[in-house]
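What follows is a short report on a single structure.
The values are calculated or read from the model by the stated rules, or taken from the named source; none is laboratory data. Since the model is a prediction, treat every value here as computed from it, not as a measurement. FYI the Cβ positions are ideal-geometry reconstructions off the backbone, even for glycines, and counts take in every protein chain you see. Remember, those area values only see protein heavy atoms, side chains included, never the ligands or the DNA or RNA. Shrake-Rupley method; radii C 1.70, N 1.55, O 1.52, S 1.80 Å.
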Amino acid sequence: MASSAELQERRIAAVPRGVANATAIYAARAKNAELWDEEGKRYIDFGAGIAVVNTGHQHPKIVAAVEEQLKAFSHVCFQVTPYETYVRLAERLNAIAPVPGLAKTLFLSTGAEAVENAVKVARAFTSRPGIVSFSGGFHGRTLMGMALTGKVVPYKKGFGPFPPEVYNVMFPNEYHGVTGAQSLAALNALFKHQADPSSIAAIVIEPVQGEGGFYLAPFDFLRALRKLCDEHGILLIADEIQTGFARTGKMFGLEHAGVEADVVTLAKGLAGGLPLSAITGRADVMDAANPGGLGGTYAGNPVACAAAHAVLDVIEEEKLCDRANAIGEIIMSRCEELTSRSNLNCIGHVRGLGAMCAVELVKDTASHEPSPQITQAVMKVANEKGLILLSCGTYGNVIRFLVPLTASDALVREGMDIFEASLTEAVTRVA
Ligand SMILES: Cc1ncc(COP(=O)(O)O)c(C=O)c1O
């Protein structure tokens, strides 16, 4: 058996440094919200493969669905010989996505690909070139994904030029001094100074920013955005790749604001760990692209579609939206409790929607000055103590909690105990 240190050495020699290396934990097996490394050490997984296994690792129903499909066929290419599972999955998403009227769904493989295709259908439908996105937003690592992404390092630096006709405005982030009204004013200024609204095909927004730092778009801001889009014939694209599939306590993040999008991008939690993404949108928008203009060799892989059916069943049967709210309450109340501890004067902000929760760590609560140092130290100590945590945020100073929604209360509490111990130790290590 290779040690983690040996594997890490081999990785460094074999894999480019551009692939982030958040931990040196080499996964050997995982079950629900726990994971064991190559050396047999157990971890509680508060990362869920970056919000993918909302339904837990190796859920028996998902494993069974995958096994059954694998025995039938694993690939035929939907464009060549279609299969019922794809069509039925489209029907299921059309019925539940926050999209008005008749909807249609296209399947792809990755989140970035979903974003690319949302832009394609928006442009085909409107015959307009412009796309607006927000500071701090993350939409993937393809060229259009990077263009839309509102964080330069590490996602954009050195990778340009990017596709033209992409405009980035301030996301309403009250903790960092940007109100919803200011963000709307920035949009209106964009329409005055840079691009006429009649040239804008779509505005792309995450209802809760993921990589950007778990900032919630205020619900009234989302409603105002919808209104602005309607006034100018602009499509609203909700990037629900991280917020989707019960994570926020509702099936989709947009539902909290009572807003519908023209197109939603979906991935991550959709297929419980199998690579599958989708865009679900208004039927007229989705049908604007020419036959053959959408798709891909692996897009809507049958094994991934089978997994997604099982995921949707599990979310419903195990009431995972309710579980997200219950888990969120445990995490949020624990973090709020920690803010009152005088030796932990580093929790600048606690926020969340359902089980999409985060703490923003600062040098001291008076200055709000970000502390990526404490954040990195917390993650390192947590790993030593058997907890996998993820960071995020423009300044790399946010710890996000993304525990599978199938985790028991006891396991979530055990993880939070380790988080508290790690934070306490990290503060003294950094001091
Ligand atoms: C909101 C959002 N959009 C797009 C993406 C890109 O997805 P992928 O990494 O599957 O390409 C991500 C990934 O983290 C995401 O969180």
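Averaging Cα coordinates gives a centre for region 156-191 and one for region 220-256; these two points are 17 Å apart. Equivalent ellipsoid of region 1-159: semi-axes from √(5λ) of the C-alpha gyration tensor, largest first, are 33, 26, 15 Å.
The relative contact order of region 1-54, computed from alpha carbon pairs under 8 Å that lie at least 6 residues apart in sequence, is 28 percent. Gyration tensor over the Cα atoms of region 108-246: the corresponding equivalent ellipsoid has semi-axes (square roots of 5 times the eigenvalues, largest first) of 20, 19, 15 Å. Across Pro164, Pro129, Pro372, mean-square fluctuation computed from a Gaussian network of the chain (C-alpha pairs under 10 Å connected) peaks at Pro164. By the rule of a C-alpha distance below 22 Å, with chain neighbours fewer than 8 residues away ignored, the lysines paired with Lys192 are Lys227. Across Thr375, Thr105, the residue with the most accessible area heads the list, and the full order at a 1.4 Å probe is Thr105, Thr375. Under the shape rule built on the C-alpha gyration tensor, where the axes satisfy a ≥ b ≥ c, region 222-263 is prolate, since a/c reaches at least 1.5 and a/b is greater than b/c.
Rounded to the nearest 500, what is the chain's calculated 222 nm mean residue ellipticity when only DSSP H runs of at least 4 contribute -39500 (n - 2.57) each, over all residues? For the chain, the value works out to -12000 deg cm²/dmol. As a calculated quantity, the FRET efficiency between Ala5 and Trp36 at R0 = 25 Å, using C-beta atoms, amounts to about 0.90.
The residues of the chain expose, per residue, 41 Å² of accessible area to a 1.4 Å probe. In a simple Cβ point-charge model (Lys, Arg +1; Asp, Glu -1; nothing else charged), region 17-173 has a dipole of about 380 debye relative to its Cα centre. Volume of the convex hull of region 282-431 (Cα atoms only), normalised per residue: 173 Å³.
The aspartates and glutamates whose alpha-carbon is closer than 17 Å to the alpha-carbon of Lys380, local same-chain residues fewer than 8 away aside, are Asp37, Asp45, Glu360, Asp417, Glu420, Glu425. A 1.4 Å probe, protein heavy atoms only, puts the accessible area of Thr85 near 20 Å².
Let me know the shape class of region 96-190, please: from the alpha-carbon gyration tensor, a ≥ b ≥ c as square roots of the eigenvalues, rounded when a/c is under 1.5, otherwise prolate if a/b is greater than b/c, or oblate. Oblate, since a/c reaches 1.5 and b/c is not below a/b. In this view, the solvent-accessible surface of Tyr26, computed with a 1.4 Å probe and all protein chains in place, comes to about 50 Å². At 1.4 Å probe size, with the rest of the protein present, what percent of the exposed accessible area of region 221-264 is carbon and sulfur atoms? C and S atoms contribute 48 percent here.
What lysines could a cross-link reach from Lys61, if we take a straight Cα to Cα line under 21 Å and drop same-chain neighbours fewer than 8 places away? Here the lysines satisfying the reach criterion relative to Lys61 are Lys31, Lys71, Lys268, Lys319. Only bridges with both residues in the chain count here: give the DSSP antiparallel percent, nearest 5. Antiparallel: roughly 65 percent of the beta bridges in the chain. Dipole of the chain (Lys/Arg Cβ +1, Asp/Glu Cβ -1, origin at the Cα centre): which of Ser199, Val403, Thr179 lies farthest to the positive side? The listed residue farthest towards the positive side: Ser199.
Could you tell me whether the chain comes out rounded, prolate or oblate from its Cα gyration tensor? Rule is a ≥ b ≥ c as square roots of the eigenvalues, rounded for a/c under 1.5, then prolate if a/b exceeds b/c, otherwise oblate. Note, shape of the chain comes out oblate. Taking all protein chains as they are arranged and a probe of 1.4 Å, the heavy atoms of Lys104 leave approximately 90 Å² accessible to solvent.
Per-atom-type breakdown for region 303-421 gives carbon and sulfur 50% of the accessible area (1.4 Å probe, protein chains only).
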